[in-house]
Amino acid sequence: MTSFVRRLTVGSTIPHVPVHHQKFKPTIEIPAFPLLPHNIQRPLGIALRSRKYCRVEAVGPVGRSEGGDSTKKAGGGPGPGPCSYSLGDRTTEVERRERNRTVEVVVAAGVTVVLGVGNRVLYKLALVPLKHYPFFLAQLATFGYVLVYFSVLYLRYHAGIVTDEMLSMPKAPFLAVGLLEALGAATGMAAGAILSGASIPILSQTFLVWQILLSIIFLGRRYRINQLLGCFLVAVGVIISVASGSSSGHSLKEAGMFWSLLMIVSFLFQAADTVLKEVIFLDAAQRLKGGSIDLFVVNSYGSAFQALFICLLLPFLSKLWGIPFSQLPNYLKDGAACFLNIGGTLSSRCDGAPLLPLLFVIVNMGFNISLLHLLKISSAVVSSLASTFSVPISVYVFTLPLPYLGVASSLPTGFVAGAIILVTGLLIYAWTPSGSTAALPSPPTRM
């Protein structure tokens, strides 16, 4: 709002005003209307087209320290003009905010990469004691997260971080998030049971492609050439660094086209889930008038609906893992005994429990939170790139002598070349040509 400041100095000649009369207010605001030339005819009435005010101040004969004539004398120079406006300060403030946002995104991406590496490594370590109960570990994570997320949400609500307006957000998008996550898990498990481990990293690169396409369709994103090229190089780098030297191409042919397409559909569900979460954040910025919905609101309701749909799909999922549905209660009971490392003879095969599975659950939860936070402050594609960057680092970590894993694995033949291509792709994606604008809009202001 533009304002004009005028100061009226009141001298000693002002007549005495009785005390019981209404006192003169030193500052009043009068709407300023532009003067029209006398030869221009206008219809009767006043149309307010801008909120412009003249501010009139009456001050005593003694100057005030914050402005006026005394300021001019004390400073030795003219004070600010009545309509002065510093564009340089405004530009500096905008640049500072953009720089802070960039630093925040880089730090969040680094944390996501570190937790992503820990998540992949600890998952393999957690399967050492639970190698006969991977389905139990998956359900422990799914239903355990609901309890943890809602407990944190309860504490944040009573701390005033989560508001009633956040909790009153429409629940249909969260229902869709839960459905997409459950479908992604179900189809991924079905295809993963048939496909070889070497072929999955190749097919997983379709996740990034789906995200770009869905963000263009549903978010109206427009990507620069260097961003598309960078994403392509990242995908190629991951394929070369992870699957080089393996018989992944041959295993894809052996598995058949159907299972490969089913895995691609699984990544479609997962990509749609991340883009939908970005839509939720953008919609919350409008509903909350510049604020943003808390991460744990999204995580809590999304995990709750995912657990609901997983329960409905349990007969199908248990069959995929080779567990008859009638034997599922006994399987879960034995899995819980192995997880707690109790049960006599059974516990002898569960060395490392419950420490390793608990470490995986904690790190996996932190990874999911950091991934959602990165999505909130940047975009689904940036969060996907950070997660993808953790894949070759995890491959390298597995070549180190880790406890419980025995003999370390060897690096794929094209690991170094693939890693160089991947890093080059990230740099190309992050590069902003001079004079161009970013393809991804700035995120909404967070509360």
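The values are calculated or read from the model by the stated rules, or taken from the named source; none is laboratory data. None of these values were measured; they are calculated from a predicted model. Heads up, the Cβs are rebuilt from the backbone with ideal geometry, glycines too, and the neighbour counts pull from every protein chain shown. Calculation scope for accessible area: heavy atoms of the full protein, side chains included, ligands and nucleic acids excluded. Shrake-Rupley method; radii C 1.70, N 1.55, O 1.52, S 1.80 Å.
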FRET efficiency for Lys289 and Arg224, Cβ-Cβ distance as r, R0 = 35 Å, nearest 0.05?
-> 0.65
Here the FRET efficiency for Asn330 versus His158, based on Cβ atoms and R0 = 41 Å and rounded to 0.05, is 0.50
Over the stretch 270-339, with every protein chain in place, what whole percent of the accessible area is carbon and sulfur at 1.4 Å, could you tell me?
-> 63
Work through the residues other than Asn299 whose Cβ is under 12 Å from its Cβ and net out their charges, Lys, Arg +1 and Asp, Glu -1.
-> +1
Which log10 I(q)/I(0) values, to two decimals, does the stretch 295-416 give at q = 0.17 Å⁻¹ under the Debye formula with one point per Cα?
-> -1.24
Cα-based shape type of the stretch 370-416, given that a ≥ b ≥ c are square roots of the gyration tensor eigenvalues and the cut on a/c is 1.5 = oblate
Contour minus end-to-end for Ser151 and Tyr396, with contour as 0.36 nm per residue of separation and end-to-end as the Cα-Cα distance?
-> 84.6 nm
Can you tell me the accessible area per residue over the stretch 97-200, all protein chains present, probe 1.4 angstrom, in square angstrom?
-> 47
